[in-house]
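The values are calculated or read from the model by the stated rules, or taken from the named source; none is laboratory data. None of the values given here were measured: they were computed from a predicted structure. Quick reminder, even Gly has a Cβ in these numbers, built from the backbone with ideal geometry, and neighbours come from all protein chains shown.
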């Protein structure tokens, strides 16, 4: 026997080997409990690991799509709110026309006509300021907002813009008080344009509102799909905490018993040496 070499009895070697295996299982169980997963890498279970990662990748891609839908929904809701504000301005214009029609005083009508023209200018400023996230769908019929619903961009919703500037909403003739409202027929002409504008605004509000409802439905659908994919991923790799907890207790007990057994083995070996 070389100097420094320690000889162990067969029972002691067996006990140490058993303790080593138990300790490895204990570390593995502790990892399962700390991560909540029984499969933490491809070496644990390649099939489950990569299938789980596939579900997670799809969920991640859909999360980006969901965020895009959410931004679009906020934009559309903003446009709906702006149309409501524009409608309020048109109602004010109707009020001015009604006041003008209720008097024959030329000076009063001229003043109301001036207010009408100033208010249509404010209407245009409101429309042009209705920009959300860099997009304005209320000042030009050529502007569109395209929202994609899947990873391959094969399903989408195109929201078409409208032109609610005074020259389009009220037409060029109706955007100013005709003949400064000198006669009743001039005022009635303006009223006619305003009635058409109100109808247009209601139609546009309904259209944008319908788009908002569809986007909300798609957002909820995508959220549910992400949840399903995440659950599918977890089901492949998740640990049963009750089972792992029971394993942990059992393994800790085995370690304690192994240490006791090793001590007993060493005591027996020492006693034999004393006899000899």
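If only residues of segment 123-148 that are surrounded by 17 or more Cβ atoms within 10 Å (Cβ to Cβ) and in a loop (DSSP other than H, G, I, E, B) are counted, the one that is farthest from the chain's Cα centre (by Cα) is 138. Among the residues of segment 166-194, those identified as crowded, with 19+ Cβ neighbours inside 10 Å and within 25 Å of residue 83 (Cβ to Cβ) are 166, 169, 170, 174, 175, 177, 190, 193, 194.
Conditions tested, residue by residue: (1) in contact with a helix residue (DSSP H, G or I) (Cβ under 7 Å, 6 or more places away or on another chain); (2) modelled with pLDDT of 95 or more; (3) surrounded by fewer than 16 Cβ atoms within 10 Å (Cβ to Cβ).
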{"position": "13", "(1), (2), (3)": "no, no, yes"}
{"position": "24", "(1), (2), (3)": "no, no, yes"}
{"position": "48", "(1), (2), (3)": "yes, no, no"}
{"position": "60", "(1), (2), (3)": "no, no, yes"}
{"position": "76", "(1), (2), (3)": "yes, yes, no"}
{"position": "113", "(1), (2), (3)": "yes, yes, no"}
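In this structure, is residue 215 assigned by TED's automatic domain parsing to the domain that holds residue 98 and either over 30 Å from residue 56 (Cβ atoms) or free of Cβ contacts under 8 Å to residues at least 60 places away in the same chain (or both)? No.
Condition check for residue 146 on (1) in contact with a strand residue (DSSP E or B) (Cβ under 8 Å, 6 or more places away or on another chain); (2) modelled with pLDDT under 95: one failure, at (2).
Considering each of 222, 203, 230 in turn, give the residue that is surrounded by fewer than 19 Cβ atoms within 10 Å (Cβ to Cβ), at pLDDT 95 or above and assigned to a helix (DSSP H, G or I). Give the steps one after another, and end with the answer.
On the way: 222 fails: surrounded by fewer than 19 Cβ atoms within 10 Å (Cβ to Cβ); 230 fails: at pLDDT 95 or above.
Only one candidate passes the filter, namely 203.
Which residues, taken from segment 149-175, are without any contact (Cβ under 8 Å) to a residue 12 or more places away in the chain and outside any helix (DSSP H, G or I)? Passing the criteria: 152, 153, 154, 155, 156.
Here residue 91 meets the list (1) surrounded by 17 or more Cβ atoms within 10 Å (Cβ to Cβ); (2) assigned to a helix (DSSP H, G or I) almost entirely, failing just condition (1). Could you say whether any residue in segment 82-93 is free of Cβ contacts under 8 Å to residues at least 12 places away in the same chain and farther than 18 Å from residue 188 by Cβ? Checked segment 82-93: at least one residue is free of Cβ contacts under 8 Å to residues at least 12 places away in the same chain and farther than 18 Å from residue 188 by Cβ.
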